[in-house]
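Down below is the structure, laid out as C-alpha cells.
Derivation of every value follows stated rules applied to the coordinates shown; laboratory data play no part. Keep in mind that what you see is a predicted model, and the values were worked out from it rather than measured. For neighbour counting, all protein chains shown are included, and Cβ atoms are generated from backbone atoms with ideal geometry for every residue, glycine included.
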Number of protein chains: 2
Amino acid sequence: MSAAFTLSLDAMGGDAAPAIVVKGAALAHVRYPNVRFQLHGDEARIAPLLAAEPGLRDCCTIVHTTEVVTNDDKPSQVIRSGRQTSLWKAIEAVKNGAAAGVVSAGNTGALMAMAVLIMRTLPGVHRPAICCLLPTKIGESAMLDLGANAQCDARNLVEFAVMGECFSRAMLGLARPSVGLLNIGSEDLKGTEVLREAAQILRGAHLDIEFKGFIEGDAILQGAVDVVVTDGFTGNVALKTMEGTAKLYSNFLKTAIKSSILAQIGMLFAKPVLSQVMARTDPRRYNGALLVGLNGIVVKSHGGTDAWGFSNAIGVAVDMVERDLNTRIGEDLARIKAEQAEQAAAQQAGQ
Amino acid sequence: MSAAFTLSLDAMGGDAAPAIVVKGAALAHVRYPNVRFQLHGDEARIAPLLAAEPGLRDCCTIVHTTEVVTNDDKPSQVIRSGRQTSLWKAIEAVKNGAAAGVVSAGNTGALMAMAVLIMRTLPGVHRPAICCLLPTKIGESAMLDLGANAQCDARNLVEFAVMGECFSRAMLGLARPSVGLLNIGSEDLKGTEVLREAAQILRGAHLDIEFKGFIEGDAILQGAVDVVVTDGFTGNVALKTMEGTAKLYSNFLKTAIKSSILAQIGMLFAKPVLSQVMARTDPRRYNGALLVGLNGIVVKSHGGTDAWGFSNAIGVAVDMVERDLNTRIGEDLARIKAEQAEQAAAQQAGQ
C-alpha cells in the first residue's frame with residue numbers, strides 16, 4: 001500500500017493526450033489507490049474524459065491551463081514564453097509543494113529545460129541525466145544518460161554513476177549494484193580521455209561504488225552490469241538502435257510467418273509462449289524515464305505510448321517518491337564531497 | 001567470372017585459425033575459381049589442412065612465417081616488433097604487389113595500425129575507417145566508422161561520407177546512394193558542433209552527395225539511408241548494441257519455445273520460414289568489414305567466425321578489387337579537392 005501523496009500530470013503531453021493521460025491515471029489508480037492526481041491542461045477536454053472514469057474522479061483535480069507545448073517547440077523558446085503551458089504548471093506544482101512528482105509524455109527537451117529552471121539541480125549535481133530501466137538476459141539494468149547531455153566531461157559521468165547507482169538500488173532493490181562505463185573495448189587504454197579519467201575517479205576507494213570498468217555495447221542487454229553509464233549522445237543512439245533492432249527482427253518474423261500457411265499453423269501452437277516474450281520486452285512495460293539530478297521527481301513518458309504505458313510511467317514516479325530517491329542521491333553526493341575534502345586536506349597536511 | 005588476381009590471407013588470425021582460413025579459402029575458391037591465395041603463417045600447421053583440400057591446392061601458396069599477433073597484443077607494440085608475423089607479411093604482400101588485397105580475422109587494432117604504416121592512406125584521406133554492410137528492413141546499408149577512430153572532427157566525417165558512398169556504389173550497385181549522419185535528433189540544432197559542421201559541408205553543392213541530413217539510431221536498420229556516417233566510438237557502440245539486441249531476442253525466443261511442448265510442435269511447422277529469417281540476418285553473411293581509405297584493399301573478418309563467414313570476408317575483398325574501389329575513392333576525393341580549390345579561388349577573385 002502506497003502512502004498518500006499527489007502526482008502532477010501534464011495532461012496535454014503525448015501524441016494521444018489528454019485521453020491516454022486520463023486513462024493511464026485510471027489504470028494507475030487501481031494499482032496505487034492512495035495516490036492523488038493533479039491534471040494540468042484544457043479543462044473542456046479533460047473533464048468529459050474524467051467523467052467517464054468514475055473510479056478516478058474522487059482522487060483527481062483539474063488545473064485548467066490554456067497553452068500547450070508542442071513537439072516542435074524549441075526548449076530555449078518555451079522556457080521564456082511557455083509559463084502558461086500545462087507542462088510548466090505541472091512542473092511548478094512540484095516546486096510549490098502541491099505535488100510530490102510530475103509525469104509528462106510531452107517534448108523531452110522542453111521538460112528538461114523547464115524542470116532545470118523551475119526546480120534547479122540537486123546540490124553537487126552539475127547536469128541532470130535521463131535514466132531508465134531496460135530488460136536484459138538476466139533481469140533488468142538501468143542506463144543513463146539517454147539524451148540530456150550530448151557532450152559530457154568525466155565529472156558528469158561520475159555524477160551519473162552515483163545517481164544511476166541510487167536509482168538502481170531504489171528501483172531494483174539491489175544492495176550493491178554494479179556499475180560499468182560504456183566503451184568500445186574493455187581494455188583500460190580504449191576509448192576517449194574523458195572515459196579513462198572517469199574510470200580512474202570511479203575506481204577511487206572513497207566512492208564506494210561496485211565499479212566493473214568498461215563494458216561494450218553487446219554487454220548492455222546481457223546484463224553485464226546493473227548500471228550502464230554513458231554520455232547522452234552515445235546513450236541515445238544505443239537506446240534507439242536497440243529499439244530499431246527489436247523492431248526489425250519482429251518485422252522479419254511477422255513477414256516470414258505471413259508468407260507461409262504452415263508457419264501460421266505453427267504459430268497457433270507457439271502463440272502463448274511468444275506472447276510471453278512480447279510481454280517481457282514490451283516497450284510500454286519499460287515506459288517512464290527518470291530525469292535524475294533535479295530537486296524533485298520528474299518522469300518522462302514516451303510520447304507515442306498508450307494508457308497502459310503511461311500508467312507505468314506513473315508507476316516509476318510513485319516508486320521514486322516512495323523510495324525517496326533524491327534524499328538518497330543527495331546523501332551520497334554529500335558523502336563523496338566530504339570525503340574528497342577530507343582527502344584534499346590530508347594531502348595538504350602531508351605536504 | 002572474376003578476373004585472375006591473388007589475395008593474401010593472414011592464416012593465423014581468428015579464434016579457429018588456421019583451420020577456418022584454409023576451409024574458408026576452399027569455399028571461396030568454388031565461388032571465385034580465378035582468384036589465387038597466398039596463405040601467410042606456420043607452414044607445419046597449414047600444409048596438412050591444405051592437403052585435405054585438393055581443389056584448393058593448385059591456387060594456393062604458403063608463405064611461412066614464425067610469429068603470430070595475438071588479440072592481447074597492443075597495436076603500438078606490434079608495429080615495432082611484429083615484422084615477422086603472419087599479419088605483417090600478409091599486408092606487405094599487397095604493398096609489394098604480390099597480392100591485390102588482404103583478409104585477416106586477427107587483432108583489429110594491429111591490422112589497422114600495420115596497414116596504415118605499410119600502405120599509407122589514400123591521398124586526401126586523413127583517417128581510414130572501418131566500414132561494413134548491415135541487413136535492413138528494405139535491403140542493405142553501409143555504415144562507417146565502426147571503431148577505428150574514437151574521436152572525429154568534421155573533416156573526418158566528410159571523408160567517411162565520401163568513402164562510404166563509393167563503397168555503397170561498388171557493393172550495392174547503387175547509382176546515387178543516400179547518406180545520413182547519425183545524430184540524436186533529426187533537427188538541425190541537435191547534437192554536437194562537429195556534427196553540425198559536417199552536415200554543413202555535406203550540404204555544400206560541390207560535394208554532389210545525396211545527403212539526407214541527420215538520422216537517429218532507430219532509422220539505421222529501417223534502411224532510412226544507404227550510408228550511415230558516424231564516429232568510430234558511436235559506430236562501434238551502435239553495431240555491438242545491434243548484435244546484443246539480436247542475441248537477446250533470439251535467446252528469449254529459444255528459452256520460451258523450449259519451455260513448451262506445444263510451442264516446439266508449432267516450431268516444426270514454422271521452421272522453414274524461421275530459417276529464412278535466421279539466414280537473412282546471419283552475422284556470418286555480413287562478415288567482412290573493409291578498412292577504407294588505405295592504399296590497398298584490407299578486409300577484417302570477425303575473429304569468431306567460421307569457414308563460411310571467412311569465405312564471405314574473402315568475397316568482400318574480391319568485390320572491392322574487381323570494382324576498383326580505391327581508384328573510385330581517389331577520383332572522388334581529387335574532384336572534391338579541385339572543386340574546393342576552384343571555389344576558394346573564385347571567392348578570392350570576388351573579394
Checklist entry - Any idea which of B:A19, A:M163, B:V30 is furthest toward the positive side of the dipole for the protein assembly as shown, if Lys and Arg beta-carbons carry +1 and Asp and Glu beta-carbons -1? => result B:V30
Item to check | Label 7 Å beyond Cα on the Cβ vector: B:R285 copy-to-copy distances, nm | outcome: 2.8
Checklist entry - Under 5 Å between amide H atoms, partner at least 5 residues away or on a different chain: which partners does A:G101 have, H built in plane at 1.01 Å? => result A:S8
Checklist entry - Placing +1 at every Lys and Arg Cβ and -1 at every Asp and Glu Cβ, with all other atoms neutral, what dipole size does the protein assembly as shown have around its Cα centre, in debye to the nearest 20? => result 1260
Checklist outcome for this item: at B:K137 the sorted inter-copy label distances (label 7 Å from Cα on Cβ side), in nanometres, are 2.8
Item to check | Listed residue pairs exceeding 19 Å between alpha carbons, taken from A:K74/B:K190; A:K254/B:K271; A:K137/B:K300; A:K190/A:K212 | outcome: A:K137/B:K300
Next on the checklist: Over 17 Å apart: what share of the alpha carbon pairs of region B:66-191 falls there, rounded to a whole percent?
Outcome noted: 65
Checklist entry - For region B:131-285, how big is Rg over Rh, using alpha carbon atoms and the Kirkwood form of Rh? => result 1.08
Item to check | Computed over chain A, the ratio Rg/Rh where both radii use C-alpha atoms and Rh is Kirkwood | outcome: 1.01
Checklist entry - Sorted from fewest to most neighbouring beta carbons within 10 Å, what does the list A:W308, A:W88 look like? => result A:W308, A:W88
Next on the checklist: Between B:R57 and B:D282, how high is the FRET efficiency from 1/(1 + (r/R0)^6) when r is the Cβ-Cβ distance and R₀ = 35 Å? Nearest 0.05.
Outcome noted: 0.75
Checklist outcome for this item: Fraction of alpha-carbon pairs in the protein assembly as shown farther than 38 Å apart, rounded to whole percent, equals 44
Checklist entry - In peptide B:218-228, what is the residue-averaged number of other protein chain Cβ atoms found within 10 Å of each Cβ? => result 3
Next on the checklist: Please compute the Kirkwood hydrodynamic radius of region A:1-158 from all pairs of different C-alpha atoms, in Å with one decimal.
Outcome noted: 16.8
Item to check | Residues A:C166, A:C131, B:C59 arranged by fewest to most Cβ contacts within 10 Å | outcome: B:C59, A:C166, A:C131
Checklist outcome for this item: Here the correct list, in nm and shortest first, of distances from A:E339 to the same site in the other copies, label points 7 Å along Cα→Cβ, is 5.7
